[in-house]
Amino acid sequence: MAVPALRRCLFLDRDGVVNASVVRSGKPYPPADWTEVQYVPGIHELCARARAAGWLVIVATNQPDVGRGTTRQETVEEIHARMLVELALDDVEVSYDPGQGVPSDFRKPAPGMLLRAADKHGIDLKNSFMIGDRWRDVSCGHAAGCRTIFIDYSYDEALRELPDFTVKSLEEAAVILGPIFYSPPQPSTH
């Protein structure tokens with residue numbers, strides 16, 4: 001019996017990529033609840049184009065405020081449930097690790113969320129992309145073996161490693177990805 005082919009995936013950070021972050025003092029923060037969610041221009045179209053090309057679309061997001069007790073898990077889950085309905089998403093991977101003490105294997109920059117999604121959905125990580133707006137997203141994508149696109153919003157933080165592409169908007173990322181969605185996957189070297 002033939003082994004099913006692995007699928008390519010477009011991994012998206014949530015805050016700043018799928019929905020706009022709330023920026024205070026040069027730092028991005030998540031919306032407090034669904035009423036504050038504003039989609040980033042072009043996200044609906046990008047998700048739909050990826051799915052039309054046969055790619056999976058999965059959000060991978062750190063939500064440490066839940067672990068810190070400043071946001072309710074139910075609030076985050078409501079946001080994700082609505083996004084799954086309104087966008088062409090296949091899944092949402094989330095880490096509630098507060099980022100204090102021993103770090104979780106699933107809190108970005110660790111690749112655990114992407115690796116778990118790859119196992120669950122049969123994803124070819126080498127031929128997949130991670131789009132993010134923070135250094136943690138780029139490092140997570142690289143650690144998982146994905147190519148990365150960094151959306152540079154000029155936050156007051158430095159990258160720890162270079163992304164494959166740097167853009168100023170999600171629309172610029174979509175221009176890069178357009179031809180890639182329909183190109184054949186690169187052969188695996190494993």
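Residue by residue, here is whether (1) over 23 Å from ASP33 (Cβ atoms); (2) under 16 Å from the mean Cα position of the chain (by Cα) holds:
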{"residue": "ASP65", "(1), (2)": "no, no"}
{"residue": "GLY69", "(1), (2)": "no, no"}
{"residue": "GLN73", "(1), (2)": "no, no"}
{"residue": "VAL94", "(1), (2)": "no, yes"}
{"residue": "LEU115", "(1), (2)": "yes, yes"}
{"residue": "PHE129", "(1), (2)": "yes, yes"}
{"residue": "ARG134", "(1), (2)": "no, yes"}
{"residue": "CYS140", "(1), (2)": "yes, yes"}
{"residue": "GLU161", "(1), (2)": "yes, no"}
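So, in segment 43-57, exactly how many residues are surrounded by 16 or more Cβ atoms within 10 Å (Cβ to Cβ) and either in contact with a helix residue (DSSP H, G or I) (Cβ under 7 Å, 6 or more places away or on another chain) or closer than 17 Å to GLU171 by Cβ (or both)? I'd like the intermediate steps shown before the answer.
At the first step, the residues of segment 43-57 found to be surrounded by 16 or more Cβ atoms within 10 Å (Cβ to Cβ) are 43, 46-47, 49-51, 55-57.
Imposing the further condition that a residue be either in contact with a helix residue (DSSP H, G or I) (Cβ under 7 Å, 6 or more places away or on another chain) or closer than 17 Å to GLU171 by Cβ (or both) reduces the set to 43, 46-47, 49-50, 55-57.
Looking only at that region, the number is 8.
Output yes when any residue across segment 58-73 is on the phi > 0 side of the Ramachandran plot and surrounded by fewer than 19 Cβ atoms within 10 Å (Cβ to Cβ), and no when none is.
If we filter segment 58-73 for residues that are on the phi > 0 side of the Ramachandran plot, which is where we start, we get 69.
Narrowing the set further to residues that are surrounded by fewer than 19 Cβ atoms within 10 Å (Cβ to Cβ) leaves 69.
Scanning segment 58-73, I find at least one residue that is on the phi > 0 side of the Ramachandran plot and surrounded by fewer than 19 Cβ atoms within 10 Å (Cβ to Cβ), so the answer is yes.
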Notebook entry, point to check: Which of the residues belonging to segment 6-40 are among the charged types (D, E, K, R) and closer than 21 Å to ARG82 by Cα?
Noted result: ASP13, ARG14, ASP15, ASP33, GLU36
Note to self: Need pairs with beta-carbon distance below 7 Å; first residue within 17 Å of VAL17 (Cβ to Cβ) and part of a loop (DSSP other than H, G, I, E, B) and within segment 138-161, second acidic (Asp, Glu) and modelled with pLDDT of 95 or more; sequence gap 6+ or separate chains.
What the structure shows: TYR153/ASP133
Item checked: Pairs with Cβ under 8 Å, 6+ apart, first in segment 98-116 and without any contact (Cβ under 8 Å) to a residue 24 or more places away in the chain, second of a type in the set (Phe, Trp, Tyr) and part of a loop (DSSP other than H, G, I, E, B) -> GLY112/PHE106; ARG116/PHE106
Next item on the list: Please give the number of the condition LEU170 fails out of (1) aliphatic (A, V, I, L, M); (2) more than 15 Å from the chain's Cα centre (by Cα); (3) over 21 Å from ARG107 (Cβ atoms).
Entry: (2)
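Among the residues of segment 119-137, which ones are aliphatic (A, V, I, L, M) and assigned to a strand (DSSP E or B)?
The initial filter retains those residues of segment 119-137 that are aliphatic (A, V, I, L, M), namely 123, 125, 130-131.
Once the filter is applied, which keeps residues that are aliphatic (A, V, I, L, M) and assigned to a strand (DSSP E or B), segment 119-137 yields ILE123, MET130, ILE131.
The values are calculated or read from the model by the stated rules, or taken from the named source; none is laboratory data. These numbers come from a predicted model, not from an experiment. No Cβ is skipped: glycine too gets one built from the backbone with ideal geometry, and neighbour counts run over all protein chains shown.
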